[in-house]
Each structure stands twice: as C-alpha cells, then as structure tokens.
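The values are calculated or read from the model by the stated rules, or taken from the named source; none is laboratory data. This one's a predicted model, so the numbers in the text were calculated from it and none came from an experiment. Positions of Cβ are backbone-derived with ideal geometry, glycine not excepted, and every protein chain shown enters the neighbour counts.
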Amino acid sequence: MLETTDRVDTPDSGSWQEFGALLRHWRRHAGWTQAQLGAAVGYDHTAVSRLEHGARRATPRLARRLDELLCTSGELTRCHGRAETAEADRPALPAHLLRPPLPPGDSAAAVVAADHWPTGLPHHDLQCPLHGAAGCQLPPPAVALALHAAFRDDPAAPLDTDTVHALVAVLGTQLHSAERAMGERGPGAVIETTLRAVVARLVDAPTRHRRVLARLAAEHAHAAGSLRLHGGRPATAMACFDRAVGWAALAGDPATQVAALSDMAVLGLLDDDPASSRDYAREIRRAAPEHHWSGALSRIGEARATALAGDVRATVRHLALARHHLDQPEDASSLVSWLAPPALRMRLESGSSAALRDLAVAGGDPRLARRALTAAHTALDLLGTGQLPAARAMLTARIADCQLCQDDPHAAVATLAPLLDTPPDALPALVRHELRGLRTRLAAGAPRWGRTATETAARLAAAI
C-alpha cells in the first residue's frame, strides 16, 4: 500500500470505530482469534470482524458480555455508551440518500480492462474525495483492483486513503473505456455495482466518513447516469442524476452538482420540455453562485431551452451572458478539466450551435444557420483530434444539420458519411436524437433536393 498520513479510518472518540478498535485491542491482548471470540458470544467470525471495523453496532448486552470475557474492567461498555450518545446526536440523512438509484443487477461485473492506468489524481475529470485537486499518487493496478474488490464485496473492509484512491482510479478507467467505445454496458455495470457498495456504507457511516462516501456516491451516480443516457435509457439516467445532486450537496461538491444538473437540463430538451430544462439550468447557478463557470453553464442551458421554445431575443441574451462569464478571471488551478477555460469554451460553442440551429429550424432563417455552423466548427476545432468520440459524432451531425438549414444538402450528405458508416448500436442516444431531427428535415426537402437526399434519409432511418 502507499504510505500516507491521511487515514480515513482513524477512529474518532465516541464512535463505533473507537469501539471496534478497543475490541480488537482487548481481543488480541487476551490472545483470542475472531473465530474464538465469535463462538464464545454466539457470533460468526465475520460478525466480529464487522464489529472491529465499526461496520456493525453492538448491543448493550453484547458489550457487557465482551467486557466479561476479555476482562476489560468495563471499558467496552463505557465506549458503547459514548458511541450511542454520538449516534443520537448525529443528524439523520434523508431516506432517499440511503438508497441507490437503481436496483441491484444479477451479479457483480468484472472491471473492464483499460489500456492505461492512471498514476495520479485528478484524472479523467475526477478529483480526490479527500484532497480535491491537490494531486494524489494512486496505488498500482493490481493493488487498486484488490482494494476495489474488497470494498465492493466485504462490508467490513476498511475505508482508508488507499481504498478511496483505488475506487476513484477504477471509476476513471471505466469511464475512459466507455468513452473510447462511445458507451458500453460493461463499465456501467461495474460503476453501478460499486455505487451500491458505497451507499451501503453510507447507511451506517460515522459523520467523518459521510462527506467522503457522499462524494464517491455522487461521482459514481453521475457516471452511471451518463452511461445510461448515452445508452438511450433516459428514465434511469434521470434517477441517477437526481441522486447525484443530493449526494454532491451533502459532500460539498459543486462541480458534480453542476455536471448532473447540466445533464438533467439536456434530458428536458430530449423530452421536448423547455420549461423543465430551463429550470434545471437555473439551478446550476444556485449550486455554485460564486463561480463564473457555473454562471456560464447555466446560461448555456437557458439558451438551449429558450431556443427550443422559439424565443430568439432571450436565446441571444443568454449566450451573450455566458460569454461574459467566461471572459471573467477565475482561479482554474483547483478545477477538474471539464471546467477549465478551453473546455468551457468548447461547451459554449457547442451549446451556441445547437441553440442557433434550433432557432434557424423554427424560423427558417439562413443567417442563424450560418452562425450555428460557425459555432459548431469552432467547437469541433476546440475539441481536438481523437478526443471524446461521442462529442465529435454529435458535432458532426450538428454541422450536417446546419448545412441542411442553409439549403446545402450535398454538403450535409458528405458530412454525414462517417456517421452513416457507423454501426447503429455504436451511436450514443444523443447523437441519434440529433440525427432524427436531421432525417426529418432531409426527408421533407427530398422532393426538391433529389435522389441522394431521399437515399440518405432512408439510411438515416435505418441507423436511428
């Protein structure tokens, strides 16, 4: 294991972890094994292990019996009383935050192999739940995988710094694997299984563990929702995002709150519900009111919603306000990569292209289509070659749609060629949504655009 001075599992006074540490001390002092002590009190050795790790509460009667067997002069009973007092003073968590957003699957999924392993955090838009963006060394793959498996499969496994780092490392590798393939079920199953283990720990967690576990739960829930959204399962995606917002608020993690709310705003657009999309976008500002990146993302979301509602003036105003936020200085050293200025610029141009395209479709205005096309090309250039294949596919479809709105079907068909050659099940749901609108417009214009437009519309119908 890595050497570290930041131990998550150092017991606090008046906690079940303190009781467990004392029990372990006195058991070893008496020369008993966990199995022997368990047999003496009518417990299995795994139950003793959970007591010693603070993962299980003892009854008053059991504490007294343990004192007698281990000759502790009543120390365990006194510690039991302190733990119960602290438990009574601890504020209860909302019931919905103690349940995972999705029911359990049939079995635990195997970790999808990654072609590279992160050596440190931050990584893949993930920060350390313990140290933020400070920079943390991660365990090597074999150690991290073993720690991940132990945490997932054994409720009594300790929650220490290396385990926290291992959970984030595995999450990052699964997201990387899914991103490269534009979404796979395998990584999603791993993430959801881990999320259930994290939430199970949160139910009985001491106060000092809540923040770390809540942040892990928020990151895993948002990741699970993103993969389900790309897989075309919006209802379960919304459940994951909603829970991610609650856990992120509990953890004091505005970045994950904003990420989940942004995705919820997108789901409102997919449901053709601009009012709810706008409301989610406004919540982004409330989640992190002191940050300009929050203001920018909020305004981008509002621009998308008002464009879908056909409000040109409001859309242009929101886009201008988003640009104003991005022009303001802000310390980016503590941000994850998706909130850094270049990434936000790409999101602004992508959102602008979508909003202006929607307005061009609604009003038949080629000038707005030209502005949308320019913004889409700018976003694609900012994205960079080989990065985020799902986002590249989305922007490619949008560019073709903008060309179609400019009455240039030949350019649109040429732009679409790479997507038409992609197997349908490899296209994320958001890309298919873009292609459905494009296909509708292509089919409507086919009588005057000719045979190529008709054939392309038919191919799109088969692909989506």
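Descriptive notes on the structure:
- Conditions (1) among the small types (G, A, S); (2) at pLDDT below 95; (3) assigned to a helix (DSSP H, G or I); number of the one not met by A205: (3)
- Answer residue from the stretch 349-380, given it is surrounded by fewer than 24 Cβ atoms within 10 Å (Cβ to Cβ) and of a type in the set (S, T, N, Q) and is nearest to H318 (Cα to Cα) among those: S350
- Residues that are within 20 Å of G225 (Cβ to Cβ), assigned to a helix (DSSP H, G or I) and of a type in the set (A, V, I, L, M), drawn from the stretch 152-181: L167, V168, V170, L171, L175, A178
- From the options G232, G225, residue that is within 26 Å of A281 (Cα to Cα), surrounded by fewer than 18 Cβ atoms within 10 Å (Cβ to Cβ) and not hydrophobic (A, V, I, L, M, F, W, C): G232
- Among the residues of the stretch 370-380, those that are under 33 Å from the mean Cα position of the chain (by Cα) and either within 16 Å of E434 (Cβ to Cβ) or not β-branched (V, I, T) (or both) comprise R371, A372, L373, A375, A376, H377, A379, L380.
- For beta carbons closer than 6 Å, sequence separation of 6+ or different chains, a first residue in the stretch 154-180 that is closer than 13 Å to V198 by Cα and in contact (Cβ under 8 Å) with a residue 40 or more places away in the chain and a second that is in a helix (DSSP H, G or I) and of a type in the set (F, W, Y), the qualifying pairs are A157/F151; T163/F151.
- Taken over the stretch 381-434, the criterion of being more than 21 Å from the chain's Cα centre (by Cα), among the polar types (S, T, N, Q) and exposed (fewer than 13 other Cβ atoms within 10 Å of the Cβ) is satisfied by T385 alone.
- Count - residues of the stretch 237-259 that are closer than 21 Å to A340 by Cβ and of a type in the set (D, E): 1
- Flag if H318 is more than 23 Å from R211 (Cβ to Cβ), at pLDDT below 95 and buried (at least 16 other Cβ atoms within 10 Å of the Cβ): no
- One residue alone among R278, R233, R304, R215 is assigned by TED's automatic domain parsing to the domain that holds G364 and either in contact with a helix residue (DSSP H, G or I) (Cβ under 9 Å, 6 or more places away or on another chain) or under 24 Å from P329 (Cβ atoms) (or both), and that residue is R304.
- Summed over the stretch 62-85, the residues that are in a helix (DSSP H, G or I) and either in contact with a Leu (Cβ under 6 Å, 6 or more places away or on another chain) or modelled with pLDDT of 90 or more (or both) give a count of 14.
- Just one of the numbered conditions (1) in contact (Cβ under 8 Å) with a residue 40 or more places away in the chain; (2) outside any helix (DSSP H, G or I) is not true of R357: (2).
- When we screen A189, A237, A249, A214 for residues that are of a type in the set (A, V, I, L, M, F, W, C), in contact with a Gly (Cβ under 9 Å, 6 or more places away or on another chain), part of a helix (DSSP H, G or I) and under 25 Å from D271 (Cβ atoms), the only hit is A237.
- Residue check, S107 at pLDDT below 80, over 28 Å from P139 (Cα atoms) and out of contact with any strand residue (DSSP E or B) (no Cβ under 7 Å at 6 or more places or on another chain): no
- Check on A275, surrounded by fewer than 15 Cβ atoms within 10 Å (Cβ to Cβ), closer than 20 Å to V245 by Cα and of a type in the set (A, V, I, L, M): yes
- Residue that is at pLDDT 80 or above and surrounded by fewer than 17 Cβ atoms within 10 Å (Cβ to Cβ), where the choices are H176, H131: H131
- Looking only at the stretch 198-222, and only at residues there that are closer than 19 Å to P103 by Cβ and touching a Pro at 6+ places or on another chain (Cβ under 8 Å), the one that is surrounded by the most Cβ atoms within 10 Å (Cβ to Cβ): A221
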